[in-house]
1. If I ask for residues that are within 16 Å of the ligand (Cβ to nearest atom) and either surrounded by fewer than 21 Cβ atoms within 10 Å (Cβ to Cβ) or small (Gly, Ala, Ser) (or both), which ones from the range 244-258 would you list?
2. Please state which one of GLY50, GLY43 is away from the ligand (no atom under 16 Å from the Cβ) and within 19 Å of ALA228 (Cβ to Cβ).
3. Quickly run through the range 284-301 and pick out the residues that are more than 16 Å from the ligand (Cβ to nearest atom) and small (Gly, Ala, Ser).
4. Failed condition for ALA281, given (1) closer than 30 Å to TYR87 by Cα; (2) touching a strand residue (DSSP E or B) at 6+ places or on another chain (Cβ under 9 Å); (3) away from the ligand (no atom under 16 Å from the Cβ); (4) among the aliphatic types (A, V, I, L, M), with all others met?
5. Could you check how many residues of the range 101-123 are within 16 Å of the ligand (Cβ to nearest atom) and surrounded by fewer than 24 Cβ atoms within 10 Å (Cβ to Cβ)?
6. With respect to ALA310, is the statement that it is out of contact with any Ser or Thr (no Cβ under 6 Å at 6 or more places or on another chain), within 14 Å of the ligand (Cβ to nearest atom) and not in a loop (DSSP other than H, G, I, E, B) true?
7. Here are some residues: HIS271, HIS239. Which one is within 16 Å of the ligand (Cβ to nearest atom), touching a residue at least 60 places away in the same chain (Cβ under 8 Å) and farther than 21 Å from ILE157 by Cα?
8. Could you please let me know if VAL147 is free of Cβ contacts under 8 Å to residues at least 40 places away in the same chain, among the β-branched types (Val, Ile, Thr), within 16 Å of the ligand (Cβ to nearest atom) and surrounded by 14 or more Cβ atoms within 10 Å (Cβ to Cβ)?
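What follows is calculated from the coordinates using simple rules that are stated; it is not laboratory data. Fair warning: this is a prediction, and the values are worked out from it, not measured in the lab. Because the Cβ atoms are built from the backbone with ideal geometry, glycine has one as well, and the counts that use them run over all protein chains shown.
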Amino acid sequence: MIGLTRRTMLTGAVAAGAATALTAMPNTMVRAAAPPAGKQIAGWYRMKVGTTEVTVIAEGARISPLPDNFVRNKSKDEVVAALQAAYLSADRFMLPFNSVVVNTGSKLVAIDAGFGPGTLAQSNGAMGQGQANLAAAGIDIKAIDAVVLSHFHGDHINGLVTDGKPSYPNAEVMVPQPEWAYWMDDGNMSRAPDALKGAFANVRRVMGIVGSKVTQYEPGKDVAPGIASVAAHGHSPGHTVHIVSSGNSSLMIQGDLTTLPQLFVRNPGWHVMFDMDAAAAEATRRRLYDRMAADRLLVQGYHFPFPALAYIEKSGTGYREIPIAWNPTI
Ligand SMILES: [Zn+2]
């Protein structure tokens, strides 16, 4: 590139353009005739953990105005300032969703189920893309042996059902025992504040359809060969994270330990409105992030920006996330 000045670049570009136009392109092709595609490309990203293949499946994102009480213990102005500092919009606030499929070599295991395709139309196409992206990634939903849930919030369980039927026809639905115990308890439902009544009703709706496929697992136990579970309660009463391991490699699938990393990894003391027990969620988050930072563990976050994979480092009194670089090979 020695000697390549702006002037030589410009004249070179003009000359190349002119030559192309004169020799190869009929006049009608000079204008862009193709209409804009108007939609995003399929969202899936594949990587290996040792010999285990992991595929991140984009479910889409909720795009909405920033809720007034999004962070319970911070003013909206402070949240807007943090979003702006991260070059994110507070007017069209975007919360992404990304589930995972793990091929252990003997089992095909999905971790969380997204919203399901019924949400596509309601969200102007932003949410409910998971099943289409699963197919685009070459994964047959009928081949999935197990769906392991982190917790029972709607963005993680609604995709278990499509058109009133189980979406994963051949999959066992593995749920954390304390999460099942909390949501399926009639006393808890009757005592729940009004804001939670809808979530209880939604859990009962979904589990009513897939209930015969449900098995409960104890957090701390393996859910499949090479996939361990770790209790991470606070975001919900039975919220559980998962660690995929093969050889010397590991990946933490952190569920909702934090949601948007630009806000909550960087400010672990901020209490997002979705944390059901904010103090427990913060303690859990600090405990696990300290460990992830010390172990330099790769993390997949359900609400991280696609492909939702990052490392966590300590930074001041909090942490910071370092997103991975796109790798064109696996
Ligand atoms: Zn969530």
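1. GLY255 - this is the single residue of the range 244-258 that is within 16 Å of the ligand (Cβ to nearest atom) and either surrounded by fewer than 21 Cβ atoms within 10 Å (Cβ to Cβ) or small (Gly, Ala, Ser) (or both).
2. Of GLY50, GLY43, the one residue that is away from the ligand (no atom under 16 Å from the Cβ) and within 19 Å of ALA228 (Cβ to Cβ) is GLY50.
3. Correct list: ALA293, ALA294.
4. Of everything listed in (1) closer than 30 Å to TYR87 by Cα; (2) touching a strand residue (DSSP E or B) at 6+ places or on another chain (Cβ under 9 Å); (3) away from the ligand (no atom under 16 Å from the Cβ); (4) among the aliphatic types (A, V, I, L, M), ALA281 misses just condition (3).
5. Residues in the range 101-123 being within 16 Å of the ligand (Cβ to nearest atom) and surrounded by fewer than 24 Cβ atoms within 10 Å (Cβ to Cβ): 3 in total.
6. Values: out of contact with any Ser or Thr (no Cβ under 6 Å at 6 or more places or on another chain): yes; within 14 Å of the ligand (Cβ to nearest atom): no; not in a loop (DSSP other than H, G, I, E, B): yes.
In short, no.
7. On the way: HIS239 fails: farther than 21 Å from ILE157 by Cα.
Answer to the check: HIS271.
8. On the way: free of Cβ contacts under 8 Å to residues at least 40 places away in the same chain: yes; among the β-branched types (Val, Ile, Thr): yes; within 16 Å of the ligand (Cβ to nearest atom): yes; surrounded by 14 or more Cβ atoms within 10 Å (Cβ to Cβ): yes.
Answer is yes for this residue.
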